[in-house]
Amino acid sequence: AQKITQTQPGMFVQEKEAVTLDCTYDTSDPSYGLFWYKQPSSGEMIFLIYQGSYDQQNATEGRYSLNFQKARKSANLVISASQLGDSAMYFCAMRVNLGGSTLGRLYFGRGTQLTVWP
Amino acid sequence: DSGVTQTPKHLITATGQRVTLRCSPRSGDLSVYWYQQSLDQGLQFLIQYYNGEERAKGNILERFSAQQFPDLHSELNLSSLELGDSALYFCASSSRDSNYGYTFGSGTRLTVV
């Protein structure tokens, strides 16, 4: 069975500091993708970053990086230089690439509410 | 604009009623996914369609049904509504060509009173 665990219901960080949001996953499939989404209070789901299970290097997208530790089955999101606009709910998600297909559904964690204070 | 259009954005209806949520996927995307987000259940996968055919089914109640039409838009039908069906319903679309091409719509917020 596939499972995503986010153990931090809430996190607080001061503006301009870095913050790490934790995510662990469980799957027995060797091919999968890991995603992070941001959901501000307005409700939309914003894609942040993606990591494939066979990717050798950690993914980076601007201020976002994904600390991928395959043996530990963790995929933590690191946000550098936090901004007030980063305050939102953050979801970790996984897709299993059954038969090599990248069209599988996403499994989501429960999310982490990040609050950035001045 | 993400490219995925969901209508309506808000819906308030009474218990026992039936509603239809509509989703137009991003141009070129053949796969459509429906998710339900509620405070107690989190983000739950409901159902997936690919080019008009049901591809995967998740935690979708028997009172709920969906379909994808030849023009690739999809509709999620919710019937005999209960208070607990109040949630944010997301549609997302994807294509084979994109490794991480899930595009989410802005959601339909359903309130059952």
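The values are calculated or read from the model by the stated rules, or taken from the named source; none is laboratory data. Everything quoted here is computed from the prediction, not taken from an experiment. Positions of Cβ are backbone-derived with ideal geometry, glycine not excepted, and every protein chain shown enters the neighbour counts.
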Open item on the list: Checking the conditions here, which among B:GLY42, B:GLY107 is touching a Gly at 6+ places or on another chain (Cβ under 9 Å), at positive phi and at pLDDT below 95?
Closed with: B:GLY42
TODO: Select from segment B:87-100 the residues that are surrounded by fewer than 24 Cβ atoms within 10 Å (Cβ to Cβ) and either under 18 Å from B:ALA56 (Cα atoms) or hydroxyl-bearing (Ser, Thr, Tyr) (or both) and write down the one among them that is modelled with the highest pLDDT.
DONE: B:SER95
Task: Residue pairs meeting the criteria (Cβ under 6 Å; at least 6 apart or on separate chains; first within 11 Å of another protein chain (Cβ to nearest Cβ), in segment B:85-96; second surrounded by 18 or more Cβ atoms within 10 Å (Cβ to Cβ) and of a type in the set (Asp, Glu)) - done: B:SER93/B:ASP29; B:SER94/B:ASP29; B:SER95/B:ASP29
- [ ] Mind listing whichever residues of segment A:97-115 are at the interface with chain B (Cβ under 10 Å from one of its Cβ atoms), more than 16 Å from A:GLN51 (Cβ to Cβ), among the aliphatic types (A, V, I, L, M) and in contact (Cβ under 8 Å) with a residue 60 or more places away in the chain?
- [x] A:LEU98
TODO: Please verify whether segment B:45-63 includes one or more residues that are of a type outside the set (Lys, Arg), facing chain A (nearest Cβ under 10 Å), out of contact with any Gly (no Cβ under 9 Å at 6 or more places or on another chain) and within 26 Å of A:LYS3 (Cβ to Cβ).
DONE: yes
- [ ] Could you check B:HIS73 against (1) facing chain A (nearest Cβ under 9 Å); (2) within 11 Å of the chain's Cα centre (by Cα); (3) not acidic (Asp, Glu) and say which number it fails?
- [x] (1)
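In segment A:58-82, what residues are touching a residue at least 24 places away in the same chain (Cβ under 8 Å), under 14 Å from A:THR20 (Cα atoms) and either of a type in the set (S, T, N, Q) or surrounded by fewer than 19 Cβ atoms within 10 Å (Cβ to Cβ) (or both)?
Within segment A:58-82, A:TYR64, A:ASN67, A:SER74, A:ASN76, A:VAL78, A:SER80, A:ALA81, A:SER82 qualify.
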- [ ] Might you let me know whether segment A:61-79 holds any residue that is touching an Asp or Glu at 6+ places or on another chain (Cβ under 8 Å) and on the phi > 0 side of the Ramachandran plot?
- [x] yes
Open item on the list: Residues that are of a type in the set (Ser, Thr, Tyr): list the strands (runs of 3 or more DSSP E) wholly contained in segment B:1-92 that include at least 1 such residues.
Closed with: B:5-7, B:10-13, B:19-24, B:31-38, B:42-50, B:64-68, B:74-78
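Would you point out which residue out of B:GLY58, B:GLY52 is in contact with a strand residue (DSSP E or B) (Cβ under 9 Å, 6 or more places away or on another chain), closer than 22 Å to A:PHE91 by Cβ, surrounded by fewer than 20 Cβ atoms within 10 Å (Cβ to Cβ) and not basic (Lys, Arg)?
B:GLY58
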